[in-house]
1. I'm checking my understanding of the structure. Among residues of the range 345-378 that are touching an Asp or Glu at 6+ places or on another chain (Cβ under 7 Å) and open to solvent by 20 Å² or more (accessible area, probe 1.4 Å), which one is farthest from residue 212 (Cα to Cα)?
2. For residue 263, are the conditions met, namely being surrounded by fewer than 18 Cβ atoms within 10 Å (Cβ to Cβ), more than 26 Å from residue 356 (Cα to Cα) and at pLDDT below 95?
3. What is the number of the single condition among (1) in contact (Cβ under 8 Å) with a residue 24 or more places away in the chain; (2) of a type in the set (S, T, N, Q); (3) out of contact with any helix residue (DSSP H, G or I) (no Cβ under 8 Å at 6 or more places or on another chain) that residue 119 does not meet?
4. Looking only at helices (runs of 4 or more DSSP H) that fall completely inside the range 327-404, which ones have 2 or more residues that are more than 23 Å from residue 35 (Cα to Cα)?
5. Which numbered condition in (1) crowded, with 24+ Cβ neighbours inside 10 Å; (2) of a type outside the set (A, V, I, L, M); (3) closer than 22 Å to residue 236 by Cα is the only one that residue 309 fails?
6. Can you find a residue that is open to solvent by 50 Å² or more (accessible area, probe 1.4 Å), assigned to a loop (DSSP other than H, G, I, E, B) and at pLDDT 95 or above anywhere in the range 140-158?
7. Kindly provide the set of residues from the range 1-50 that are under 25 Å from residue 220 (Cα atoms), hydrophobic (A, V, I, L, M, F, W, C) and at pLDDT below 90, ordered by number.
8. Is there a residue in the range 278-288 that is over 25 Å from the mean Cα position of the chain (by Cα), open to solvent by less than 10 Å² (accessible area, probe 1.4 Å) and closer than 23 Å to residue 299 by Cβ?
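The values are calculated or read from the model by the stated rules, or taken from the named source; none is laboratory data. The structure displayed is predicted, hence computed values, not measured ones. Neighbour counts are summed over all protein chains in view; Cβ atoms, including those assigned to glycine, are modelled from backbone coordinates with ideal geometry. In case anyone asks, the SASA skips ligands and DNA or RNA and just uses the protein heavy atoms, side chains included. Shrake-Rupley method; radii C 1.70, N 1.55, O 1.52, S 1.80 Å.
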Amino acid sequence: MRKPLSIAFIVRDPLPPARADVRTLFGSEMPRYGVNTELVGQAGGNETGDWPAGGMHLVGSLRSRFAAVLSPLWDLRGLLRALTHIRPDCIQVRDKIASGLLGRIAAGILRVPFVYWMSFPIVEGFEVRRDEFRGLTWCAHALRAAASRFVIYRLVLPRARHIFVQSEAMADWLAAKGFRRSRMTAVPMGVDDGVFDRAAVIPSRDPRLDGRRVVLYLGRIARARRSDFLLDVAQALKATDPDALVVIAGDAASNDEMDWMRAEIARRGIEDHVLLTGWLPQREALGYAVRAEVGLSPIPRGVLFDVSSPTKLVEYLALGIPSVANDIPDQRLVVEESAAGLCVPMETGPFVAAIRRLLEDKALAAEYAKRGPAYVRSHRTYAILGRIVAETYTKILPGATPER
């Protein structure tokens, strides 16, 4: 770009950020295009300082059990601290309601563009959460959901110069609410191709995998994600493929969720057919992944997940793992474009049939394994996604022209 650009970016994440679509995009990719970021988020283990790539400065805003309530005030404090380092070319807010309004007002005062980044339909998430309660608790959650709906859809998004969204499906969903499609750019989840390179991954030596037909789920465990569906699949596979082992490589947000999963495994009597690893360092998790013959990506249908862009399917393809995914829009798109997996409804019968097809048809599985990495390198690495984001800034920020 003609001159370096600076973005003040308020996020929900603890610092330093763990999410690749923040860490890699803004820590590694954006600096290559002359875009530097002052990241404002919740204080974590390294709450201030330069991001290792040199393109992201971290401004920790909060370390408190009252984070949800105090977050907007502390985001304001973090933003003011960021403004001591830079005069931003834009203010960007990701997945925050009150702080989205704060960012919009700050951008107006500074006379710079305001940009919103939506990776999840938070208001609709509040509404789902509301309906889990009754009585006064329901009223409190209903008030939060209603206020959030008014703020985000009436005050924040209409004044945004641009809206980054998680998927083309999310862009279509917002367009149906009346927002111009031309003001949106879809940035789906991708991978760091240097990390998700099968040749660089050391396969796990866990003896529990030896002699088994390993079927992998790599990701978060949660009731809301219907993670017990994986156990339905394991139970059905047990009857037809006794050597099959469903490896669930991931953790839950709480001990209660993990206890629920373990109890379900025991109740069904499938301890010999499910391996629940719990949290693993990424390299160790990938070691389990490359031992798998099939990767699974079941995502529940509905307003919360239909507009999402799951990472796990793209990770499987990058590692050359033939995959079975269900038909949320982004996964259907990836399967159709890549021709490296099978897309079926999130139902036990179709999932098990697709898994068995890949386990039994070695030629088909080998062809899928070959196509996956090539597709990801062409469509879903953060280098490619970074170029899309940088080109968008070129269009929406004054004085920005491509440099790279």
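1. Among residues in the range 345-378 that are touching an Asp or Glu at 6+ places or on another chain (Cβ under 7 Å) and open to solvent by 20 Å² or more (accessible area, probe 1.4 Å), the one farthest from residue 212 (Cα to Cα) is 377.
2. Working: surrounded by fewer than 18 Cβ atoms within 10 Å (Cβ to Cβ): yes; more than 26 Å from residue 356 (Cα to Cα): yes; at pLDDT below 95: no.
No: the conditions fail for residue 263.
3. So the condition that residue 119 fails would be (3).
4. Working: elements: 329-338, 348-360, 362-379, 382-396.
Hits in the range 327-404: 329-338, 348-360, 362-379.
5. (3)
6. no
7. If the condition is that a residue be under 25 Å from residue 220 (Cα atoms), hydrophobic (A, V, I, L, M, F, W, C) and at pLDDT below 90, then 15, 18, 20, 43 are the ones that fit.
8. To start, the set of residues in the range 278-288 that are over 25 Å from the mean Cα position of the chain (by Cα) comprises none.
Checked against the condition, which is being over 25 Å from the mean Cα position of the chain (by Cα), open to solvent by less than 10 Å² (accessible area, probe 1.4 Å) and closer than 23 Å to residue 299 by Cβ, the range 278-288 yields no hits at all.
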